[in-house]
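The values are calculated or read from the model by the stated rules, or taken from the named source; none is laboratory data. All figures in this text were calculated on a predicted structure; none of them were measured in a lab. Neighbour counts run over all protein chains shown; Cβ positions are idealised from the backbone, glycine included. Keep in mind that these areas ignore ligands, DNA and RNA; they rest on the heavy atoms of the full protein, side chains included. Shrake-Rupley method; radii C 1.70, N 1.55, O 1.52, S 1.80 Å.
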Amino acid sequence: MLKNMKKSTRSNIITYAMVIVAYIVMQTLVSTGSVTNLIQGLLVPLCAYSILAVSLNLTVGILGELSLGHAGFMCVGAFVSAAFSKINATSIENDLLRFIIAIIIAAVCAGIVGILIGIPVLRLKGDYLAIVTLAFGEIIKNVMNVIYLGVDSKGIHFCITKASDLNMESDGKIIINGATGITGTPHSSNFTIGVILLLITLFIVLNLINSRSGRAIMAIRDNSIAAESIGIDLTKYKMLAFSISAMLAGVAGALYSHNLSTLAATSKNFGYNMSIMILVFVVLGGIGNIRGSIIAAIILTLLPELLRAVNDYRMLIYAILLIALMLFNSSPAGINFREKYGIGRLLHKNGPDLSETAGTQRAHHVEGAGKKGV
Amino acid sequence: MAILDIKNLGISFGGLRAVDNFNLSIEKGELYGLIGPNGAGKTTVFNLMTGVYKPSDGIIMLDGENITGKNTVEINKAGIARTFQNIRLFKNLSVLDNVKTGLHNEFAYSTAVGIFRLPGYFKDERLMDEKALSLLKVFDLDGEKDYKASNLPYGKQRKLEMARALATSPKLLLLDEPAAGMNPNETKELMETIKFVRDEFDMTILLIEHDMRLVSGICERLSVLNFGQVLCQGPTGEVLNNPEVIKAYLGD
């Protein structure tokens, strides 16, 4: 059955199946009690990181622009959704319904911030774009650190100086307390919701790639001058990819924040380190390879925990594994190995796909010839 | 009426007058050649016509519509498609997808329809596949439709670029040195293809070329550009025997 489908459809089904199988395996392990508390606590962040990696891959791999501020959009989503949930903790009784609304609000707000930042940033290219997104990511994090938000019988109060400046009535409740952040967010996230959100993210990104808009975005990545010459509006499609990517990061933020009792915008959570970590997932998973992003996110999140047994050498082994993963991903020998024994090949029983192999060999030949011609 | 009418086109880059007082009129269905020594301003004329540069002065009329100063996307929608001197394909997309991007504005279902796979998606994608495949057949590329564009041999990449340009259903096709880097056999085949495209699609074609065999073989009329100015214009045979033209190419 898998053989007769289009290559892209087959590859997408493998990706969905991989996530679902991983979910079932994890759920079975958890219910039989063979997973440590530590790993159990990592399950929701794992889903959030996977969503972040997939969404950043849309910007870096599909649109082809290096963004270093992805954690900023996550930060927006996390704070907006957590504030919403805390404000409505009593007025919306149904936990799931409240969480779904919070996620939608997170996605919309992160998307709007994405568009606002995208307007100036997407005029730039390459290194410059990376530097400016890095700056915006830090700005968002630092703005979150000075926001005070409170609710009382008169409504919502807001200031950026200190909590006592909110001038609330005696029944007032502080929602966001500056650098201390949000405490007491309802604990609505769980592994199942996380996996469902990851599947939705995959659905959106993979379907986008295999549609008219996705082709336009990839055309811009490969050659913007040619894309323009055949009538593709560069600004529109760059903005589309960037804002969808930001929206999905907002969703990941909502998932992340509803898993924590205390949410503060530290540099570990939402700063530069986080953005780089997401980028590492994307790069090691293979730029433009959606399935790889998820695998890399899972491996690199679990690895430090699994290596606790060899505590002293933990970071040493982690670094060596990063290098090994990189070699497996991009060295010619690694690529060859995957072509022969990868998941796609194993399901495709007819052995190596000859047309494609022939194509690759030709590529080397043609690239050389092409250079001479131009 | 002429499909393309250019009057007094000119552009200056700082003190350099790259194109000056350029006039050109092409009839529908004509195969027109633009030749001239290196640096004469031929590609600049193409860039002016496709909105890459904004002309300093002059008017460009396409099929009765003034397209002067419009941007590249608008000009493509108005009906000019081009290929490039150095091939510009979407290297990482498949051959079929390269042509399908050319159909971008013809089957314009929205992003939401694409993401949520609403009924319009399947219908439009099927029509796009059919149309793209029929274009690939014309250029004998249908066998390689699933190859990555960068894996095609050089000659076929040139053909694919032409197929992609034709997918936008232009009124006028601009070819920038289509035979560059081709051997005599490939050039001969290319001449057949260009003629075939003109007849099959009833296309008007303006091409820049250095290969005089190709120019004299297929172009009906020529303009010769030298130092940004038109040296001579007319039927191919006359122009190529003009002593001024020979002097511009070979020197005194």
So which of A:ARG215, A:ARG221 is within 14 Å of another protein chain (Cβ to nearest Cβ), open to solvent by 30 Å² or more (accessible area, probe 1.4 Å) and assigned to a helix (DSSP H, G or I)? A:ARG221
On the basis of being part of a helix (DSSP H, G or I), without any contact (Cβ under 8 Å) to a residue 12 or more places away in the chain, open to solvent by 20 Å² or more (accessible area, probe 1.4 Å) and within 14 Å of chain B (Cβ to nearest Cβ), does A:LYS268 make the cut? no
Just give me the residues in the stretch A:312-335 being open to solvent by 90 Å² or more (accessible area, probe 1.4 Å) and over 25 Å from the mean Cα position of the chain (by Cα), in sequence order. A:ASP312, A:TYR313, A:LEU316, A:PRO332
With (1) within 21 Å of B:ALA165 (Cα to Cα); (2) without any contact (Cβ under 8 Å) to a residue 40 or more places away in the chain; (3) crowded, with 18+ Cβ neighbours inside 10 Å; (4) among the hydrophobic types (A, V, I, L, M, F, W, C) as the list, and B:LEU93 as the residue in question, which single condition is left unmet? (2)
Pairs, please: C-beta under 6 Å, at least 6 apart or cross-chain, first residue more than 19 Å from A:SER85 (Cα to Cα) and in the stretch A:155-177, second part of a strand (DSSP E or B) and of a type in the set (A, V, I, L, M)? A:ALA163/A:ILE174
Name every residue in the stretch B:76-114 that is aliphatic (A, V, I, L, M) and within 18 Å of A:ILE220 (Cβ to Cβ), in order of residue number. B:ALA81, B:ILE87, B:LEU89, B:LEU93, B:VAL99, B:LEU103, B:ALA108
Which listed residue, of B:LEU103, B:LEU133, B:LEU34, is more than 7 Å from chain A (Cβ to nearest Cβ), in contact (Cβ under 8 Å) with a residue 60 or more places away in the chain and more than 24 Å from B:LEU225 (Cβ to Cβ): B:LEU103
Based on what the data block shows, is B:GLY69 at pLDDT below 95, more than 24 Å from A:ASP233 (Cα to Cα) and of a type outside the set (A, V, I, L, M)? no
Exactly one of these conditions fails for B:GLU65: (1) farther than 29 Å from B:MET1 by Cβ; (2) away from chain A (no Cβ under 13 Å); (3) of a type in the set (D, E, K, R). Give me its number. (1)
Scan the strands (runs of 3 or more DSSP E) fully inside the stretch A:139-178 and keep the ones with 2 or more residues being β-branched (Val, Ile, Thr) and more than 26 Å from the chain's Cα centre (by Cα). A:173-177
Residues of the stretch B:137-157 being in a helix (DSSP H, G or I), more than 7 Å from chain A (Cβ to nearest Cβ) and out of contact with any Leu (no Cβ under 7 Å at 6 or more places or on another chain), in sequence order, are B:LYS137, B:VAL138, B:GLY143, B:GLY155
Out of the stretch A:230-247, which residues are open to solvent by 10 Å² or more (accessible area, probe 1.4 Å) and either more than 11 Å from chain B (Cβ to nearest Cβ) or not in a loop (DSSP other than H, G, I, E, B) (or both)? A:LEU234, A:THR235, A:LYS236, A:LYS238, A:MET239, A:LEU240, A:SER243, A:ILE244, A:MET247
Surrounded by fewer than 22 Cβ atoms within 10 Å (Cβ to Cβ), in contact with a helix residue (DSSP H, G or I) (Cβ under 6 Å, 6 or more places away or on another chain) and more than 9 Å from chain A (Cβ to nearest Cβ): is that true of B:GLY181 in this structure? no
Among the numbered criteria (1) farther than 26 Å from B:GLN157 by Cβ; (2) more than 20 Å from the chain's Cα centre (by Cα); (3) part of a helix (DSSP H, G or I), which one does A:HIS187 miss? (3)
Flagged in the stretch A:286-311 as open to solvent by less than 80 Å² (accessible area, probe 1.4 Å) and outside any helix (DSSP H, G or I), in numbering order, are A:GLY286, A:GLY288, A:ASN289
Taking B:GLU244, is it surrounded by fewer than 13 Cβ atoms within 10 Å (Cβ to Cβ), touching a residue at least 12 places away in the same chain (Cβ under 8 Å) and not in a strand (DSSP E or B)? yes
Tell me, yes or no, whether the stretch A:215-228 has at least one residue that is under 22 Å from B:PHE107 (Cβ atoms), among the β-branched types (Val, Ile, Thr) and free of Cβ contacts under 8 Å to residues at least 12 places away in the same chain. no
Go through the residues of the stretch A:65-77 one by one and say whether even a single one is open to solvent by less than 10 Å² (accessible area, probe 1.4 Å), within 16 Å of A:ILE117 (Cα to Cα) and assigned to a loop (DSSP other than H, G, I, E, B). yes
